[in-house]
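Asks: Handing you this structure, nothing more for now.
The values are calculated or read from the model by the stated rules, or taken from the named source; none is laboratory data. Owing to the predicted nature of the structure, the values given are computational and were not obtained by experimental measurement. Cβ sites come from the backbone with ideal geometry, for glycine too, and all protein chains shown count toward neighbours.
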Amino acid sequence: MPTRDSYIHRSYRLRSLPAPIAGAMLALGLVSFASSEPATLTVRVDQPGLKIASNFYGLMTEEINYSYDGGLYGELIRNRIFQDRPIAQAGRGARGGATNPAGTPPGAPAAAQTPPPPITNTAVEKNPNLIDWSLIASDGAAGDIDIDTKDPVNTTTLKNSLRLDIRSAGTGRRVGVANDGYWGIPVRPNTTYAASFYAKASQDFQGPLTIAIEDNNGKVYASGQVRALSSAWNKYTLKIKTGQVQATVDARFVLSASNPGSIWFSLVSLFPPTYKNRPNGNRIDIMEKLADMKPSFLRFPGGNYLEGRDFENRFNWKATIGPLEERPGHMSPWTYRSTDGLGLLEFLEWCEDLNMEPIVALYAGMHLDQGRTTITGDALKPIVQEGLEEIEYITGSTSTKWGALRAKHGHPAPFRLRYVEIGNEDWLNNGMQNYAGRFAMFYDAIKAKYPDIQMISSLRSRDKYDHTRNPDLLDDHFYVSIPTALLQAHYYDKYDRAGTKIFVGEWATNTPRSGPTGHMAFALGDAAWLTGLERNSDIVGMNCYAPLFCNVNPGGMQWSINLIGYDALGSFGSPAYFVQKMFSNNRGDVILPAKLDLLPTLNADEIPQAPVSPGGAGGGATKSGGPTGPFDAVYAAASRENATGDIILKLVNVQAAPQLLKIDLQGVQTIKKEAKGEVLTGDLAAMNSVAEPSKVAPKPITINNAGPSFTCDLPAHSVTVLRLKTR
Ligand code: AHR
């Protein structure tokens, strides 16, 4: 960010001046629309104002876009308990016909969803529960696979087993069953994988059973053997290790044998190394990306994933805890089946691993069915009770029933829980008709037992809803176009300061929808909007972008524009991710009043336009749609970090040209000449990918002319974070 003498000619808004004075100045020619003055940012360092909550930046997550299965959750075997079925190709409205102005219109998959590839697995024609599994047989060998429901491992969860009949085999002639994982099994060099499965065999089967990660031609990357199988179900666990191989996703997991007989399998699992070596844990690269963001909280489990398309498929927390053998999984509203391998305790451990506090949304009786089956009144009482039990599972000591169960599941220490949200987006699905009653039931029960827990309503501030009880926070959601994001950088400026505090529990600049992750243009909208949230942090207590994750393989995405993308092997942060990281890593403790003067304004043609990806959504539009302006050209937030005394400036220039900015820090004696920071800039159409994860990434900057008053140049289309040293 070098200093420069030039400036750009734009219309200037005399924002800080009383209208008559500004008018007079214009008339006198003291200020013109082609002013030779830079814009000025005046920061009142001597008037520290609002405190920024220390948990201002966090994460929101749900099972969408293969966020956990095929994403964060380490499991590599797809359809491990043989309950999945092929995903319907048509008519798969994301959320059971719910209407949702904030997000993807259900029933309009073309706009935001890529169809899954056609099914090539012939076994599925015999039994749909064989999806993702296929028979393999060497030349001269023969066999068959099917789903068997007789003599299951258990009758609640592992009801189906896969039966492998080896009719003809021998030395060098094997028959087996292969799983392609979630778009491939990731092979990394010198890596140990933990395989486990239940198996039993017919009396005539002579071992061994071979377990391998291999390519489609049988090239083996890692393998191991079980010498013999008994005729009763047993769980087998073994480690298999790759050597000095080339990393690839072009691999599958194979269980095979070269002796005739029948073998049954259940709960087949393969884990790579996990973050902090947690058993049943999370993928390392994605966890590291999250850790780099330094998030303060995790809002889970949804999102629509909380509500489900019906009662059966709600987030039923009790079905997500305990041994995997007792987790049947369920249909996510996002069209595919969730294993629930990443269940309530794993969400909490994820929080623990990244030092985040949980914000738990409690299922509150509403489903994604336009209110047809909403549970109210007496019928809701057991649901409220389940909510109380969920809180006890999270927070209770080991002397409580549910705290003791958590201990039995491996986590004796209670988790700290300060916030719960009642439902999700109850402004949809006719939820407002009965939300007051439902909210009150939860509110009364929870506050009676846990008076310190803050209750978040899933209704928005704009709903102006009479809850009959006072929520501690309202959950506002925004999925917007670039022009809307820019205008809404001022959304909370006029919010009633005595009004209910806000949790912005989902937001993104994401319209028009253009693919799994966003371009640089969207990141500019995000950054501008975030400066507005920071400036209003007396009202906005916390915020989190959504959705967090997307598997970028064909069929992986149900919701367009997500923060972090990945395939089986690699992951990347979008430009929006880097904005989050820059802002969250540079939090101040207190807002410093900041005012932009002689601020250029832009019309709709001059603001960043959202590009459309080839084959992506957006219908070829080049404009973002929405409001026409005028729009501010520069957005700013200033804060002070108490521990260091640093003044932190966040500056967003949405113009196609650099902006010279005079920075006037009032009420401060010393500002060191050298100041460091980061700047994110790039082509509006630029985006990151697994192959090019850093195409758009922040670059470190140092300036050497800082002082109580100095000028700097904001690059075109840029987000800058600058730390000014006061000592
Ligand atoms: O973030 C995607 C979806 O958007 C969430 O599931 C829902 O809460 C919102 O409508």
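Asks: Which residue pairs have Cβ atoms closer than 7 Å, lie 6 or more positions apart in sequence or on different chains, and pair a first residue in segment 508-527 that is without any contact (Cβ under 8 Å) to a residue 60 or more places away in the chain with a second residue that is surrounded by 24 or more Cβ atoms within 10 Å (Cβ to Cβ) and assigned to a helix (DSSP H, G or I)?
Replies: Here the result reads N510/F522; D526/A485; D526/A576; D526/V579, each pair linking segment 508-527 to a residue that is surrounded by 24 or more Cβ atoms within 10 Å (Cβ to Cβ) and assigned to a helix (DSSP H, G or I).
Asks: Which residue out of T335, T374, T339, T320 is among the hydroxyl-bearing types (S, T, Y) and more than 24 Å from T156 (Cα to Cα)? Break it down stepwise before answering.
Replies: Values: T335 fails: more than 24 Å from T156 (Cα to Cα); T339 fails: more than 24 Å from T156 (Cα to Cα); T320 fails: more than 24 Å from T156 (Cα to Cα).
None of the other options fit; the residue is T374.
Asks: Of all residues in segment 497-525, which are charged (D, E, K, R) and closer than 25 Å to I359 by Cα?
Replies: Of the residues in segment 497-525, the ones charged (D, E, K, R) are 497, 501, 506, 513.
If the condition is that a residue be charged (D, E, K, R) and closer than 25 Å to I359 by Cα, then R497, K501, E506 are the ones that fit.
Asks: Condition first: more than 16 Å from the ligand (Cβ to nearest atom) and either surrounded by 15 or more Cβ atoms within 10 Å (Cβ to Cβ) or not charged (D, E, K, R) (or both). Now tell me which residues in segment 421-446 satisfy that. Walk me through it before giving the result.
Replies: In the first step, residues of segment 421-446 are kept if they are more than 16 Å from the ligand (Cβ to nearest atom); the result is 433-434, 436-446.
Within segment 421-446, Q433, N434, A436, G437, R438, F439, A440, M441, F442, Y443, A445, I446 qualify.
Asks: For residues that are within 16 Å of the ligand (Cβ to nearest atom) and in contact with a helix residue (DSSP H, G or I) (Cβ under 9 Å, 6 or more places away or on another chain), tally how many sit in segment 247-304. Outline the logic, then answer.
Replies: Initially, segment 247-304 is screened for residues within 16 Å of the ligand (Cβ to nearest atom), giving 298-304.
Okay, now just the ones that are also in contact with a helix residue (DSSP H, G or I) (Cβ under 9 Å, 6 or more places away or on another chain), so 298, 300-301.
So the count comes out to 3.
Asks: Which number in (1) modelled with pLDDT of 95 or more; (2) not in a helix (DSSP H, G or I) marks the one condition that P600 misses?
Replies: If we test P600 against (1) modelled with pLDDT of 95 or more; (2) not in a helix (DSSP H, G or I), just (1) comes out false.
Asks: Being touching a residue at least 12 places away in the same chain (Cβ under 8 Å), under 26 Å from the mean Cα position of the chain (by Cα), closer than 30 Å to N160 by Cα and not in a strand (DSSP E or B): is that true of N280 here? Talk me through it step by step, then tell me what you get.
Replies: Working: touching a residue at least 12 places away in the same chain (Cβ under 8 Å): yes; under 26 Å from the mean Cα position of the chain (by Cα): yes; closer than 30 Å to N160 by Cα: yes; not in a strand (DSSP E or B): yes.
When the stated conditions are applied, N280 passes them.
Asks: Give me the residue from segment 335-389 that is within 16 Å of the ligand (Cβ to nearest atom) and β-branched (V, I, T) and, out of that set, modelled with the lowest pLDDT.
Replies: T335
Asks: Within segment 695-713, can one find any residue that is among the small types (G, A, S), outside any loop (DSSP other than H, G, I, E, B) and under 16 Å from A638 (Cβ atoms)? Outline the logic, then answer.
Replies: From segment 695-713, those among the small types (G, A, S) are 697, 706-707, 709; that's our starting set.
Now restrict to residues that are outside any loop (DSSP other than H, G, I, E, B): 709.
Checking the rest, the ones that are also under 16 Å from A638 (Cβ atoms) come to 709.
Yes, the conditions are met somewhere in segment 695-713.
Asks: Among the residues of segment 136-178, which ones are under 35 Å from the mean Cα position of the chain (by Cα), part of a strand (DSSP E or B) and surrounded by fewer than 21 Cβ atoms within 10 Å (Cβ to Cβ)?
Replies: Filtering segment 136-178 for residues under 35 Å from the mean Cα position of the chain (by Cα) gives 147, 153-162, 177-178.
If we keep only those that are part of a strand (DSSP E or B) too, we end up with 147, 161-162, 177-178.
Within segment 136-178, I147 is the sole residue that qualifies.
Asks: Right, here's the next one. Identify, please: which residue in segment 318-334 is part of a loop (DSSP other than H, G, I, E, B) and surrounded by fewer than 20 Cβ atoms within 10 Å (Cβ to Cβ) and is, among those, nearest to the ligand (Cβ to nearest atom)?
Replies: Going through segment 318-334, the residues part of a loop (DSSP other than H, G, I, E, B) turn out to be 321-323, 327-329, 332-334.
Of the ones still in play, those that are also surrounded by fewer than 20 Cβ atoms within 10 Å (Cβ to Cβ) are 322-323, 328.
Values: G322: 26, P323: 28, P328: 22 Å.
Filtering segment 318-334 for residues that are part of a loop (DSSP other than H, G, I, E, B) and surrounded by fewer than 20 Cβ atoms within 10 Å (Cβ to Cβ), the one nearest to the ligand (Cβ to nearest atom) comes out as P328.
Here's the yes/no breakdown for (1) within 21 Å of Y635 (Cα to Cα); (2) more than 15 Å from the ligand (Cβ to nearest atom); (3) modelled with pLDDT under 95:
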position: D493; (1), (2), (3): yes, yes, no
position: D496; (1), (2), (3): no, yes, no
position: A508; (1), (2), (3): yes, no, no
position: D538; (1), (2), (3): yes, yes, yes
position: P547; (1), (2), (3): no, no, no
position: N562; (1), (2), (3): no, no, no
position: A568; (1), (2), (3): no, yes, no
position: Y577; (1), (2), (3): yes, yes, no
position: N585; (1), (2), (3): yes, yes, no
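Asks: Among the residues of segment 475-496, which ones are under 17 Å from E506 (Cβ atoms) and in contact with an Asp or Glu (Cβ under 8 Å, 6 or more places away or on another chain)? Before the answer, list the steps.
Replies: At the first step, the residues of segment 475-496 found to be under 17 Å from E506 (Cβ atoms) are 475-481, 484-485, 488, 491-492.
Passing the criteria: D475, H477, F478, Y479, A485.
Asks: Now, a different point. Can you tell me how many residues in segment 372-406 are buried (at least 17 other Cβ atoms within 10 Å of the Cβ) and over 17 Å from A445 (Cβ atoms)?
Replies: 4
Asks: Given D452, D475, which one is crowded, with 24+ Cβ neighbours inside 10 Å and either modelled with pLDDT of 95 or more or away from the ligand (no atom under 16 Å from the Cβ) (or both)? Write out each step before concluding.
Replies: Details: D452 fails: crowded, with 24+ Cβ neighbours inside 10 Å.
Just one listed residue meets the conditions, D475.
Asks: Which condition does I64 not pass, out of (1) part of a loop (DSSP other than H, G, I, E, B); (2) at pLDDT 95 or above; (3) away from the ligand (no atom under 12 Å from the Cβ), if it passes all the others?
Replies: (3)
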